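S.K.: Could you have a look at this structure, given as structure tokens, before my questions?
Any read-out appearing in this document is the output of simple, stated calculations on the displayed coordinates, not a laboratory observation. The structure displayed is predicted, hence computed values, not measured ones. Counting neighbours? That spans all protein chains shown, and the Cβs are built from the backbone with ideal geometry, glycine included.
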Amino acid sequence: MDQATQIQQIAERTERLLVRYRELQRTNALLSEQVSLLTQERDSLKSRLGAARARIDALLERLPDSITVAPAPAYRKDDKGLEDTP
């Protein structure tokens, strides 16, 4: 193999590496954007959950003391992480 052929092969491999690098940069940017959006959505859902819990607590406080509320049935998770009904 002569030196010109080796240089050409190195140049081609370098070009392929640069193309792959740019693809990975674009993919990384898209994934970072998705993480950001999902983080915002999670924070919003956590906030809504907290507000809903506060409303439920306020409603429970308004119930008369003479009413007894049965506890909610317990749920258990199976080995797949799915909840079974009681």
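S.K.: List, please: which pairs have Cβ atoms under 6 Å, are six or more places apart or on different chains, and start with a residue in segment 41-58 that is in a helix (DSSP H, G or I) and end with one that is surrounded by 10 or more Cβ atoms within 10 Å (Cβ to Cβ) and of a type outside the set (A, V, I, L, M, F, W, C)?
M.R.: From residues that are in a helix (DSSP H, G or I), there are no pairs.
S.K.: Any chance segment 60-70 includes a residue that's surrounded by 10 or more Cβ atoms within 10 Å (Cβ to Cβ) and within 23 Å of the chain's Cα centre (by Cα)?
M.R.: Scanning segment 60-70 turns up no residue that is surrounded by 10 or more Cβ atoms within 10 Å (Cβ to Cβ) and within 23 Å of the chain's Cα centre (by Cα).
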